[in-house]
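> Before I ask anything, here is the structure I am working with.
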Amino acid sequence: MDNFDALADEVANLEQRVSDAIFDAVRAQMRNEDAPAAAMLEKRLSKVRRSLRKAEMLLRGTDDD
């Protein structure tokens, strides 16, 4: 089980990096730096973040479904 916890921690760290990228995309939208592209990137990264969160929960055995 420790291996799964370690893997879940790695996934959580990756999720945090993706969250940071989402905030960067939102900031770009607010500065209007190619807002349509930033909006599409934000949407795609949000899906990635949700998937990573789901993976972390599954690894920890705390699936909310």
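Computed from the coordinates by the stated procedures, all read-outs in this text should not be read as laboratory data. Keep in mind that this is a model prediction, so the values were computed, not measured. Cβ atoms come from the backbone with ideal geometry, glycine included; neighbour counts cover every protein chain shown.
> Show me, for the range 26-38, the HN-Hα J-couplings you get by feeding each phi into the Karplus relation (A = 6.51, B = -1.76, C = 1.60, θ = phi - 60°), rounded to Hz, glycine and proline as x.
Running phi through 6.51 cos²θ - 1.76 cosθ + 1.60 with θ = phi - 60° gives 5, 4, 5, 4, 5, 7, 6, 8, 6, 3, x, 5, 5 Hz.
> At 222 nm, what helix-only mean residue ellipticity would the chain give, in deg cm²/dmol to the nearest 500, using -39500 (n - 2.57) for each DSSP H run of four or more?
Details: 2 runs with 55 residues, N = 65.
The helix contribution divided over the chain gives -30500 deg cm²/dmol.
> Sticking with this one: For the chain, what is the relative contact order in percent, using Cα pairs closer than 8 Å and at least 6 residues apart in sequence?
Numbers: 50 pairs, mean separation 29.4, N = 65.
Once normalised by length, the contact order is 45 percent.
> Hey, another quick one. How much FRET efficiency would the formula 1/(1 + (r/R0)^6) give for ALA21 and LEU58, where r is the Cβ-Cβ distance and R0 is 25 Å, rounded to 0.05? Walk me through the numbers on the way to the answer.
On the way: r = 22 Å, r/R0 = 0.90.
The pair ALA21/LEU58 has a calculated efficiency of 0.65.
> Separate question: Please report, for the Cα atoms of the chain, the Rg to one decimal and the Dmax as a whole number; what are they, in angstrom?
14.3, 46
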